Amino acid sequence: MSIMGLKKKQPKTFKVKVVTMDAEMEFNCEVKWKGKDLFDLVCRTIGLRETWFFKLRYMVKDTYFWLKMDKRVLDQELPKEDPITFHFLAKFYPEKVEEELVQEITQHLFFLQVKKQILDEEIYCSPEASVLLASYAVQAKYGDYDPNFHKPGFLAEDELLPQRVLMQYQMTAEMWEEKITAWYAEHRGIARDEAEMNYLKIAQDLEMYGVNYFSITQNKRDTELLLGVDAQGLHIYSPNNKLTPNKSFPWSGIRNISYSEKEFTIKPLEKKKEVFKFYSSQLKVNKLILQLCIGNHDLFMRRRKVDSIEVQQMKAQAREEKARKKMERQILAREKQMREEAERAKEEMERRLFQLQDEARLANEALIRSEETADLLAEKAQIAEEEAKLLAHKAAEAEQERQRLEVTAMKTKEEKRLMEQKMREAELLAVKLVEESERRTKEADHLKQDLSEAKDAERRAKQKLLEITRSTYPLVSAYTCSPPPTDGGDLCLESGSIKTDFKDSDMKRLSMEIERERLDYIEKSKNLQEQLKELKSEIESLKLEEQHSGIFSSNRDLRDYAEAAYFPISRWNPEALTSTVYLEDV
């Protein structure tokens, strides 16, 4: 074996990995391929025809570079890795996305790249615009909002807002999701490509959209500035303000841009205007600035020319594709609507079926309950009939009782009337007895007075008689002899005795008459007391009857009525005359 046969053969291919915004691809490239060969392979693979916006970018020591199209891939300063990694990104941005972006794949790649720049805060976006853009991003990803499917928390895994916006307000993830969902629900009916285009139309109005920033110094004063290169022209910014440029040079107003190592010279189209110069210390960055200026200026001039045949064909195909997709979406929408209507009709039929089944079940249960109710009502009717008979019998008895009570009430009324009459008579009698008692009392007082006067007269008479006797006795003894007294003397004494006896007999007779009248009065009082007792017994018997008839309201009324009738008699004391002094005691 020869020595030449032992030499290792050089490989004819090398591996590369191309990362787009939504995919990763690996290719085996030939060693002799230029950058354009690899770029065209990637564009053919993803179906991209608007190639003038995109390029392949790679990183070397934290500095990014764009792959040169006219130079061999392996001859460029590439990272030492296997496979070599390239990023397929938009290098140039359109002025008006709706007019310039023709293909749907172009729109989609721009949408993903601009969305990532906003989330990474490479493009400043206000919180309000961030929420609106997030709602279009959700519409592009999930389609129309369906509250039955998109439950709270369905956006928890999606990155939709810049971290700066999240930190700016003290709001929870649920609150942000609620705000985004409110806008998302209003985008119903918007297709994915339309949602992405609406996203880009809002994003292209942001101040930092499509601007590449580079650190520069002005003249020899070393004043630090920022150079911005975009589709509109060149802009000069302060280091701390990337939103509002201090000075702008539109492409239409630039006559020439010259580059000499670290110095850039911008010559305005108008010769009267001052030439602007700036400096950049890094040679590789200066080359990148020049590439961006050339590419953006070429696109600026291209936009203002008539479209090429290829672009016209692409736009025509894009219009046809959009019309076809629009028709497909309309057909799909109609089919979806018809399917939804069919599903609603099916659900309505199922609901109606369930409702009819429920109604049938309820009707069957109602029928069973009706039968049970009918049996129960028949039994109740029988019971009611028996109760009616019993009530009729009770009613007859009640009628008889009512008639009896009416008769009793009539009798009671008559008895009451008689009783009232008797009581009135008793009252009259009691009044008369009281008057008689008072009269008798007065007569007794008069008799007592007369008796006292009689006793006084009798005493005076006896005293006078004794005095007369004493005065006459010595005279008699003087005129008489020692023999016994004669009849004449006796006659004189007897005459005095007669007078005395006469007065005693009158007193006795008067006392006997008083005693007799007193005894008669006591007898009458006893009779009256017996009559009152009988009247009380009658009243008590009536009280028992009136408890049923309701003539008197209570026993107290009856008792008060009876007491009112015989109270004057009970107050009168029949023994009041017992204090009369009998003449026999004198």
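The values are calculated or read from the model by the stated rules, or taken from the named source; none is laboratory data. Just so it is clear, the structure is predicted and the values come from calculations on it, not from any experiment. Using ideal geometry, Cβ is built from the backbone for each residue, glycine included, and neighbour counts are taken over all protein chains shown. Surface accessibility is based on the protein's heavy atoms, side chains included, excluding ligands, DNA and RNA. Shrake-Rupley method; radii C 1.70, N 1.55, O 1.52, S 1.80 Å.
For Lys389, give me every one of the lysines with a C-alpha distance below 28 angstrom, ignoring sequence neighbours fewer than eight places off in its own chain.
Hits, sequence-local ones excluded: Lys380.
Tell me, in nm to one decimal, what length is gained between Lys411 and Glu81 on full extension, where the rule is 0.36 nm per residue of separation less the Cα-Cα distance?
Residue separation times 0.36 nm, minus the Cα-Cα distance, leaves 105.1 nm.
Expressed as a whole percentage, what fraction of the accessible surface of the range 169-244 belongs to carbon and sulfur atoms when a 1.4 Å probe is rolled over the protein heavy atoms?
C and S fraction of accessible area: 47 percent.
Under a Cβ-Cβ cut-off of 11 Å, what is the net charge of the residues other than Arg439 that fall near it, where Lys and Arg count +1 and Asp and Glu count -1?
Counting the neighbours of Arg439, the net charge comes to -2.
Straight distance only, please: which lysines reach the Cα of Lys12 with their own Cα at less than 24 Å, same-chain residues fewer than 8 apart left out?
Partners within reach: Lys32, Lys34, Lys36, Lys68, Lys71, Lys80.
As a test of the definition: which semi-axes, in Å, follow for the range 196-302 when you take the square root of five times each eigenvalue of its alpha carbon gyration tensor? Largest first, please. Kindly include the intermediate steps, with their values, before the conclusion.
Working: eigenvalues 107, 55, 38 Å².
Each semi-axis is √(5λ); the values are 23, 17, 14 Å.
Going by average Cβ density within 10 Å per residue, which order do the peptides 391-402, 133-144 take, highest to lowest?
Ranked from most to least packed, the peptides come out as 133-144, 391-402.
Accessible area of the range 319-476 with a 1.4 Å probe: how many percent of it is carbon plus sulfur?
58
Got a number for the accessible area of Thr106? Probe 1.4 Å, square angstrom, nearest 10.
0
DSSP loop trypsin sites (Lys or Arg not before Pro) in the range 23-100 with at most 12 other Cβ atoms within 10 Å of their Cβ, which ones?
On the way: sites: Lys32, Lys34, Lys36, Arg44, Arg49, Lys55, Arg57, Lys61, Lys68, Lys71, Arg72, Lys80, Lys91, Lys96; in loops: Lys32, Arg49, Lys61, Lys68, Lys71, Lys80, Lys91, Lys96.
Qualifying residues, ordered by number: Lys32, Lys61, Lys71, Lys80, Lys96.
Can you send over the solvent-accessible area of His297, 1.4 Å probe, protein chains only, in Å² to the nearest 10?
60
Once all Cα-Cα distances of the range 74-227 are split into 10 Å bins that start at 0, what whole-number percent is in each one?
All Cα pairs considered, the percentages come to 9, 32, 30, 19, 8, 2, 0.
Report, by chain and number, residues whose modeled amide H sits under 5 Å from the one on Ala231, excluding near sequence neighbours (fewer than 5 apart, same chain).
Tyr93
Please give me, ordered by residue number, the trypsin sites (Lys or Arg not before Pro) of the range 170-218 that lie in loop per DSSP and have at most 11 other Cβ atoms within 10 Å.
Values: sites: Lys179, Arg188, Arg192, Lys201; in loops: Arg188.
Sparse-neighbourhood loop trypsin sites (Lys or Arg not before Pro): Arg188.
For the range 154-250, with every protein chain kept in place, what is the accessible area per residue (1.4 Å probe, Å²)?
On the way: 5430 Å² over 97 residues.
Value returned for the range 154-250: 56 Å² of accessible area per residue.
Can you tell me how much longer the chain between Asn246 and Met349 gets when fully stretched, taken as 0.36 nm per residue apart minus their C-alpha distance, in nm with one decimal?
Stretched fully, the Asn246-Met349 segment lengthens by 30.1 nm.
Using 10 Å bins from zero, what percent of all Cα-Cα pairs in the range 187-247 falls into each bin?
Per 10 Å bin, starting at zero, the Cα-Cα P(r) for the range 187-247 comes out as 20, 38, 20, 14, 6, 2 percent.
Using only protein heavy atoms and a 1.4 Å probe, report how much of Ile46 is accessible, in Å² to the nearest 10.
Accessible surface of Ile46 is approximately 50 Å².
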